[in-house]
Amino acid sequence: MSQVKKHNRSEKSSNSQIRLQVMRDLSYAILALMLALGLQSEVLADDLSHRKSALSIAVIDAAGRPVSNATIDVQMTQHAFKFGTQIRDRLVGVTEAQFNNMSVLERQALLPDLTSFGTPKHTPTWEDLERYRQAIWDNFNHVIPTTGLQWLSFNNRGASEPEAAIDLAQSNGLSVTGASVVWPRDRWPTPEVFRSAAAPIDPNLFYQTLIADRLSTDGVIGYFSDFGIGPTISDWKLVNEPINNDYYQQLLVGGGLFSNGTDVLADFFQRAKTVRPDAILSINEYNILNANNDNNALRYRDFINDLLAAGAPIDRIGVQAHISRSTLTKAAILRRINILAETGLKIEITEFDSRDDANQLTPQEQEQIFRAMLEAAFENSAVVGLSIWGFWDRGHWRGNGPLFDNDWNVKAEAAPWFDLVRGEWMTQLADMPVDQNGEWYATDGVFSGSYDFTVTANGISQTFLNFDVSKDRQFDLILDSAAPDDPPRLTVPSPATFAIDKPTSTLSAERTDMITFLSSATATDVFDGDLTLSVSNNAPPQFAIGETFIEFTVEDSAGQRVTETSSVNVVLADTDGDGLPDFYELENGLDINSDDTAADPDGDGFSNVQEYMDGTDPLDKNDCAVCGSPLSGLVYHWRTQALLSSVGLSLVGLDDGAENAFSDDAVTNTSGSYAFTERHGGTNRLTVTKTMTASESGNVISSADALAA
């Protein structure tokens with residue numbers, strides 16, 4: 001099993017080990033101090049030192065000895081900075097079986113109704129749901145499920161749908177914000193019975209119901225807690241949009257329960273903190289960054305300061321970012337963030353998206369504003385997170401998700417997300433060499449987050465998963481493969497083929513290419529001590545044609561011997577690879593650079609490769625393994641007459657119809673007898689013709705008197 005020690009590992013008492021630890025601690029302290037000094041200075045607009053952590057890694061074996069020949073791959077898997085998204089909980093939580101049982105209308109209800117924006121209703125497929133979920137796991141470290149946790153939805157539909165989404169998100173390593181506990185407006189999600197249209201409203205009943213449903217141990221914040229039934233949510237958007245929506249404040253102040261709206265909201269925070277002292281409680285408001293000046297930011301700052309003065313335990317400021325103004329600049333964003341930071345509270349950009357439904361922003365303007373928003377948030381040390389308000393057009397409340405279009409194509413305006421969040425701001429380092437002490441330091445720090453490390457030593461890699469580098473850290477990585485009783489590691493050459501010129505030749509072990517082959521075997525033994533000898537082998541001094549197996553052996557100082565086998569195959573040289581060795585082709589005037597196996601230069605009916613296998617001369621037609629004697633004793637005559645005085649002959653090959661040329665007599669002797677003196681390959685047809693002599697002229701030959709042999 002992989003072992004990891006986090007800085008406080010026990011050291012051997014030897015002086016070398018003490019010196020090693022002192023050097024390590026000193027180097028680490030200097031690096032951490034350099035980064036700390038950068039954090040204490042005023043952070044410039046484009047400075048990201050506050051987003052980084054010092055990282056030091058030592059690679060050691062099981063005996064605590066440094067492994068000095070290791071390299072490290074450093075792979076960031078998740079940001080410490082919160083990069084989140086709003087999610088539609090039912091799209092995440094519904095199972096495939098539940099989805100398959102849904103009607104078309106029920107499936108359409110999983111998505112927002114975008115008909116008011118001119119977009120017809122869409123029926124999602126199960127593939128859409130799978131892609132929706134995978135996009136979340138691949139791109140974000142935080143989610144905000146919305147609909148299911150709202151007051152009316154939670155009361156009417158119960159906890160099962162948001163609970164399923166939260167469970168799945170947390171099982172994939174994502175954190176969760178619960179939204180919204182109190183949204184003080186006179187419409188959804190306030191229950192209809194407490195809206196002004198249902199007047200008269202009993203303020204006492206409203207207040208007691210609100211506390212019971214939302215702000216008690218039995219309410220939503222208690223349900224999703226360590227002592228509750230559901231998975232724990234430790235981050236709550238407690239009050240949403242209280243400046244622009246003050247219906248609850250008016251109702252309770254008008255009913256005489258509180259003297260002013262500030263006290264109403266302070267009460268909500270105090271009750272929530274009593275129930276969930278462990279939770280982060282935030283306030284959230286819109287039209288702060290999207291405003292045409294800083295006035296709304298100043299008003300929001302003062303509003304929060306009043307709440308803090310009234311005893312509201314606010315932990316974080318939420319700033320929505322639904323952008324419709326093309327004139328918004330990075331400088332304006334930073335300025336308004338700094339105004340809110342004067343409260344002393346951390347800030348989160350909670351709901352970024354941009355408007356295109358009324359042609360407010362072109363894709364190019366959306367891309368520019370997205371980049372400005374990301375850079376401003378990540379560069380400002382007061383900001384702890386940025387969440388986009390949906391990412392897929394079909395799942396976005398206005399049909400304009402920042403990342404993916406209707407068909408899951410990456411949008412042009414999404415470039416800043418993939419260039420920065422998933423690119424430049426994610427540390428990925430490969431093949432980082434350790435020093436002689438087995439240590440490596442990230443000289444510029446690494447972006448804070450979760451990391452995997454892969455260590456490679458002596459050709460063996462080992463991966464260490466899920467390291468928290470959200471602050472300055474030092475880790476010792478202990479290699480399983482470096483156990484002190486490991487034998488040497490022997491690597492031998494792959495089986496090889498060598499060529500010689502003659503069947504009677506052998507291959508010398510002193511030939512240059514054979515020396516290279518034998519000397520390419522290598523061994524390593526950095527854990528048990530030096531190898532006692534170099535790699536040896538049992539190669540013979542000469543190699544005959546055929547395959548010879550060779551054993552390579554090495555031994556370490558602990559007496560552990562390792563043997564591996566390879567082989568040498570000796571063959572006759574064959575430059576053109578046609579199966580005819582070079583020596584044979586050269587001896588018989590053939591071409592060593594072209595395939596001439598099928599050729600038959602002596603015309604005996606046997607190809608070169610056949611003659612090579614038979615051991616015959618490819619240039620002598622009379623030298624063949626299966627040739628018979630020349631045909632002889634043929635005599636031609638009339639069937640009923642005397643011997644003929646002369647008969648003309650021709651020999652025609654049956655295979656190709658080409659007439660064979662004879663080098664000897666072309667006619668029989670005066671007795672009509674002819675003997676073949678040459679061998680002719682293949683199967684042939686004999687054609688006999690009769691030339692009439694003067695003495696035979698005028699005679700009639702009947703059909704019964706055909707020529708016969």
Practice problem: State the Kirkwood hydrodynamic radius of segment 334-485 in Å, one decimal place, computed from all pairs of distinct Cα atoms. | Solution: 18.8
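Considering Cα pairs under 8 angstrom that are at least six residues apart, work out the relative contact order of segment 266-343 and quote it in whole percent.
Across segment 266-343, relative contact order equals 43 percent.
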Practice problem: Scan around Asp472 for amide H atoms under 5 Å from its own, H built in the peptide plane at 1.01 Å from N, and keep only partners 5 or more places away or cross-chain. | Solution: Ala54
Quiz prompt | ³J(HN,Hα) computed for each position of segment 512-524 - Karplus, 6.51 cos²θ - 1.76 cosθ + 1.60, integer Hz, glycine/proline x | solution = 4, 5, 6, 4, 4, 4, 5, 7, 7, 5, 10, 9, 10
Practice problem: Would you please give the residues with an amide H less than 5 Å from that of Ile500, counting only those at least 5 places away or on a separate chain, with H modeled from the backbone geometry? | Solution: Val571, Leu572, Ala573
Quiz item: What ranking, highest mean first, results for peptides 306-312, 443-449 when packing means the other Cβ atoms within 10 Å averaged over each residue?
Solution: 443-449, 306-312
Quiz prompt | Beta bridges per DSSP with both ends in segment 489-572, % antiparallel, nearest 5 | solution = 80
Quiz prompt | Whole-Hz ³J(HN,Hα) from phi, Karplus 6.51 cos²θ - 1.76 cosθ + 1.60, for segment 75-86, glycine and proline x | solution = 10, 6, 10, 7, 6, 6, 4, 7, 10, x, 8, 6
Quiz item: Measuring from centroid to centroid over Cα atoms, what is the spacing of segment 76-147 and segment 451-483 in Å?
Solution: 36
Quiz prompt | Inter-centroid distance (Cα atoms) of segment 226-254 relative to segment 553-587, Å | solution = 80
Self-check item: Ordering of 424-437, 192-205, 606-619 by packing [mean C-beta count within 10 Å, highest first]
Solution: 606-619, 424-437, 192-205
Quiz item: Among bridges DSSP assigns within segment 82-413, what percent are antiparallel (round to 5)?
Solution: 5
Quiz prompt | FRET efficiency, 1/(1 + (r/R0)^6) with R0 30 Å, evaluated for Ser160 and Ser324 via beta carbons | solution = 0.25
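Read-outs throughout are calculated quantities, based only on the coordinates presented, and are distinct from any laboratory measurement. Given the structure is predicted, the values throughout are model-derived calculations rather than measurements. Using ideal geometry, Cβ is built from the backbone for each residue, glycine included, and neighbour counts are taken over all protein chains shown.
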